[in-house]
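**Student:** Can you keep this structure in mind? I'll have questions shortly.
Quick note: the coordinates plus some simple rules give every number you see, no bench work behind them. What you see is a predicted model; the values in this text were computed from it and never measured. For neighbour counting, all protein chains shown are included, and Cβ atoms are generated from backbone atoms with ideal geometry for every residue, glycine included.
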Amino acid sequence: MSTQPLEDTFSIREMKRCDIEALLAFEIENREWFESHIEARAAAFYSLQGVGSHIDEYLCAMAAGTWHPFVIEDHSARIVGRANLKNINTAPNTAEVGYRVARNAGGQGLATLALRHLIQQARERWRLTQLIAFVYTANVGSAKVLDRCGFSLAASDESPSCGERRFIRSL
Ligand SMILES: CC(C)(COP(=O)(O)OP(=O)(O)OC[C@H]1O[C@@H](n2cnc3c(N)ncnc32)[C@H](O)[C@@H]1OP(=O)(O)O)[C@@H](O)C(=O)NCCC(=O)NCCS
């Protein structure tokens with residue numbers, strides 16, 4: 001494996017309207033992989049129109065201050081991952097985190113890099129005090145990423161659905 005720092009090979013930036021084609025390619029290529037770990041998207045999502053609407057929705061939510069969407073790109077501007085601050089709520093100063101990494105880009109620290117970026121943005125841009133993550137019990141890789149980034153299993157069990165666990169991190 002390369003000894004170059006990940007940041008030299010990959011970059012994380014805000015999602016843009018012009019990401020439609022690259023995002024669609026990323027989501028189609030990894031559809032089966034993602035569906036084996038997280039909730040499946042509607043079939044209509046997998047089209048230029050579907051991804052266009054999805055991006056519009058996310059960018060509107062970003063303008064409204066409730067969502068902060070990012071993509072991870074490799075050196076050839078190919079999208080290899082995504083990470084989001086979701087449901088940003090400035091009354092209790094909390095947000096949820098979400099991330100996904102292409103199967104063939106996994107295991108080299110990209111989700112960890114992306115989650116660290118979300119933590120930094122949550123602190124510095126949004127002044128949040130707590131982050132929350134919901135993870136299926138079987139998703140050992142994601143739980144490892146959360147643990148490495150300072151999240152811990154919530155003491156109270158207010159998990160929204162069976163088989164999911166809630167992790168929190170104070171900022
Ligand atoms: C989970 C996911 C985000 C991890 O992305 P990633 O870039 O591979 O993550 P990282 O490389 O930063 O770290 C993953 C760690 O988990 C480990 N891991 C992955 N799968 C594992 C498994 N089944 N059992 C044990 N460890 C596992 C990796 O070895 C790595 O640890 P290491 O660095 O000590 O070797 C990625 O697999 C993914 O997108 N999965 C589908 C979508 C998803 O689950 N999103 C999260 C929803 S909560």
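**Student:** Could you tell me the center-to-center distance, by alpha carbons, between region 65-124 and region 23-60 in angstrom?
**Tutor:** Taking the Cα centre of region 23-60 as reference, the centre of region 65-124 is 16 Å away.
**Student:** Further, regarding this structure: Extension gain Val140-Glu35, at 0.36 nm per residue separation less the Cα-Cα distance, in nm? Don't skip to the answer; put the middle values down first.
**Tutor:** Numbers: separation 105, 0.36 × 105 = 37.80 nm, distance 1.52 nm.
Length gained, Val140 through Glu35: 36.3 nm.
**Student:** With no solvent and one point per C-alpha, what does the Debye sum give as log10 I(q)/I(0) for region 1-82 at q = 0.19, 0.22 Å⁻¹?
**Tutor:** Once normalised to I(0) and log-transformed, intensities are -0.91, -1.13.
**Student:** Report the net charge of residues surrounding Ile20, where surrounding means a beta-carbon distance below 12 angstrom and charges are Lys +1, Arg +1, Asp -1, Glu -1.
**Tutor:** On the way: positive: Lys16, Arg17; negative: Asp19, Glu21, Glu27, Asp56.
Cβ neighbours under 12 Å give a net charge of -2.
**Student:** Stokes-Einstein at 10 °C, 1.306 mPa s, Kirkwood radius from Cα pairs: D for region 82-162 in µm² s⁻¹?
**Tutor:** Numbers: Rh = 13.4 Å.
For these conditions, the coefficient is 119 µm²/s.
**Student:** Summing -39500 (n - 2.57) over the DSSP H runs of n ≥ 4 in the chain and dividing by its residue number, what mean residue ellipticity at 222 nm do you reach, to the nearest 500 deg cm²/dmol? List each step's numbers first, then the result.
**Tutor:** Values: 6 runs with 59 residues, N = 171.
Computed mean residue ellipticity for the chain: -10000 deg cm²/dmol.
**Student:** Taking 2.2 N^0.38 Å as the expected size of a compact globular protein, what ratio does the Cα radius of gyration of region 6-170 give against it, to two decimals?
**Tutor:** So the Cα radius of gyration is 1.00 times the expected 2.2 N^0.38 Å.
**Student:** Could you identify which residue out of Leu85, Leu153, Leu131 has the top mean-square fluctuation in a GNM of the chain using Cα springs shorter than 10 Å?
**Tutor:** Sorting by GNM fluctuation, first place goes to Leu153.
**Student:** Follow-up question, since we're still on this one. Starting at the first residue of region 143-155, write each ³J(HN,Hα) from the Karplus equation 6.51 cos²θ - 1.76 cosθ + 1.60 with θ = phi - 60°, in whole Hz, x for Gly and Pro.
**Tutor:** Each residue of region 143-155 in turn: 4, 5, 4, 5, 4, 5, 9, x, 7, 9, 4, 5, 5 Hz.
**Student:** Quote to one decimal, in nm, the extra length available between Asn87 and Arg125 on full extension: 0.36 nm per residue of separation minus the C-alpha distance between them. Intermediate values should be presented prior to the final figure.
**Tutor:** On the way: separation 38, 0.36 × 38 = 13.68 nm, distance 1.49 nm.
Computed gain between Asn87 and Arg125 is 12.2 nm.
**Student:** Find how much the distance from Ala64 to Asn104 grows on full extension, using 0.36 nm per residue of separation minus their present alpha carbon separation; answer in nm with one decimal.
**Tutor:** 11.0 nm
**Student:** How do Tyr136, Tyr46, Tyr58, Tyr99 rank when sorted from fewest to most other Cβ atoms within 10 Å of their own Cβ?
**Tutor:** Values: Tyr136 16, Tyr46 13, Tyr58 19, Tyr99 23.
Least to most surrounded, the residues fall as Tyr46, Tyr136, Tyr58, Tyr99.
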